[in-house]
1. By how many nm would the segment from Ala23 to Cys118 lengthen if fully extended, with 0.36 nm per residue of separation less the alpha-carbon distance?
2. As I understand it, the value is the acute angle between the Cα axis of helix 74-84 and the longest principal axis of the Cα atoms of the chain; what does it come to in degrees, rounded to 10?
3. How would you rank Leu17, Leu171, going from fewest to most other Cβ atoms within 10 Å of each one's own Cβ?
4. Would you order Asp73, Asp123 from fewest to most other beta-carbon atoms within 10 Å of each residue's own beta-carbon?
5. So the label point goes 7 Å from the Cα of Val4 along Cα→C-beta, right? Which residues of region 72-92 then have their backbone N under 19 Å from it?
6. Kindly put His102, His6, His119 in sequence by how many other C-beta atoms sit within 10 Å of each C-beta, fewest to most.
7. Expressed as an acute angle from 0 to 90° and rounded to the nearest 10, what is the orientation of the C-alpha long axis of helix 110-137 relative to the principal long axis of the chain?
8. Can you pull the one-decimal nm distance between simple spin-label points at Ile104 and Asn143, each 7 Å off the Cα toward Cβ?
Amino acid sequence: MIVVGHALVEAVVLIALALGVSAFFTSDPVRVSVSLLGGFFLVWMGRGLVRDAYKGAISIGERASKEIRATSDPLLRGVLAAIANPYFVIWWAMVGGAFVFHGIKLLGLLGPVIFLVCHWASDFPWFSFVSFCVARGRNYLGNRMFRYIIAACGIFLLALGASFAVEGAKLIIKRTC
């Protein structure tokens, strides 16, 4: 159901792109906002993961945090995860938008529908594989290895967040010069 929530957001974005909203997403103010806010959010999350892994505040058997448990509806979790991911917005604004426009050019409104169905046909197996690996991985990983993996993911998020923030800063500098 989490993946279905993700897919619902993708459907709404695809419809918006097909209706011409892409100019809004590719405008400099939106790109700057997504870059800076998304970068800040990723750095904040990465910092928390690294900190918690270092302090030993997380373990494999631990229940989800209060923030994650705030909603028990997996469909809503999927929607929120998609919306909160700055890469999601950028991918759909840049890459997904191009596929939507090419699809419209080639097949009319059927083009984006075919693209979305094919995209989902790859999303569902991929997310199922990831889910399977996470569920089974708990049986093979000790807490120490789990913390190393979480710390590595946190460092990756720090780097990704910093790159988003740098991109946003570059756009601001470009506009002021």
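Values quoted throughout were computed directly from the atomic coordinates according to the rules given, and no laboratory measurement underlies them. What you see is a predicted model; the values in this text were computed from it and never measured. Please note: Cβ atoms are built from the backbone with ideal geometry, for glycine as well, and neighbour counts cover all protein chains shown.
1. 31.7 nm
2. 70
3. Leu171, Leu17
4. Fewest to most other Cβ atoms nearby, the residues stand as Asp73, Asp123.
5. Of the residues in region 72-92, 72-83 have backbone N under 19 Å from the label point off Val4.
6. His102, His119, His6
7. 0
8. Roughly 5.4 nm, to one decimal.
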